[in-house]
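K.L.:
Dropping a structure here in structure tokens format, bear with me for questions.
The values are calculated or read from the model by the stated rules, or taken from the named source; none is laboratory data. Model, not experiment: these values are computed from the prediction. Counting neighbours? That spans all protein chains shown, and the Cβs are built from the backbone with ideal geometry, glycine included.
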Amino acid sequence: MKHKAMRITIFVLVVFGALTTLAGGIGLLTGAIAAPLNWLEGSPFVDYTIPGLALAIIVGGSMLFAAATIFTGREIGTRVRLCRARHDDLRDRRGPSH
């Protein structure tokens with residue numbers, strides 16, 4: 001029972017994360033999120049098209065994949081989520097890029 005409750009909790013959190021990253025990526029692509037272009041200074045990007053696509057497809061997509069595999073009970077879902085968490089941890093340790 002405890003294992004099932006943990007699986008449901010993780011599933012809900014991963015789905016929430018997936019939905020928010022998809023919304024953020026779509027918001028950047030459509031201009032609904034008005035992020036200043038000066039935040040991109042020093043980066044290879046001239047606008048938020050590539051970052052928005054990356055947020056929606058790579059981050060959101062991997063989270064949806066993890067949620068689907070957690071829902072179906074496959075062990076790979078846990079592994080995908082752990083890889084995603086590890087990536088986020090490394091990114092946070094690097095700090096701001098400017």
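K.L.:
Given the criteria over 14 Å from A56 (Cα atoms) and among the polar types (S, T, N, Q), does T9 qualify?
P.N.:
Values: over 14 Å from A56 (Cα atoms): yes; among the polar types (S, T, N, Q): yes.
Yes: the conditions hold for T9.
K.L.:
Still on this structure, please answer the following. Residues G24, G42, G52, G31: which one is more than 27 Å from G73 (Cα to Cα), touching a His at 6+ places or on another chain (Cβ under 8 Å) and not hydrophobic (A, V, I, L, M, F, W, C)?
P.N.:
On the way: G24 fails: touching a His at 6+ places or on another chain (Cβ under 8 Å); G52 fails: touching a His at 6+ places or on another chain (Cβ under 8 Å); G31 fails: touching a His at 6+ places or on another chain (Cβ under 8 Å).
Going through G24, G42, G52, G31 in turn, the sole match is G42.
K.L.:
Among the residues of the range 31-77, how many are hydrophobic (A, V, I, L, M, F, W, C), surrounded by 13 or more Cβ atoms within 10 Å (Cβ to Cβ) and either part of a loop (DSSP other than H, G, I, E, B) or touching a residue at least 24 places away in the same chain (Cβ under 8 Å) (or both)?
P.N.:
Of the residues in the range 31-77, 15 are hydrophobic (A, V, I, L, M, F, W, C), surrounded by 13 or more Cβ atoms within 10 Å (Cβ to Cβ) and either part of a loop (DSSP other than H, G, I, E, B) or touching a residue at least 24 places away in the same chain (Cβ under 8 Å) (or both).
K.L.:
Kindly check whether there is at least one residue in the range 10-30 that is surrounded by 15 or more Cβ atoms within 10 Å (Cβ to Cβ) and modelled with pLDDT under 80.
P.N.:
Checked against the condition, which is being surrounded by 15 or more Cβ atoms within 10 Å (Cβ to Cβ) and modelled with pLDDT under 80, the range 10-30 yields no hits at all.
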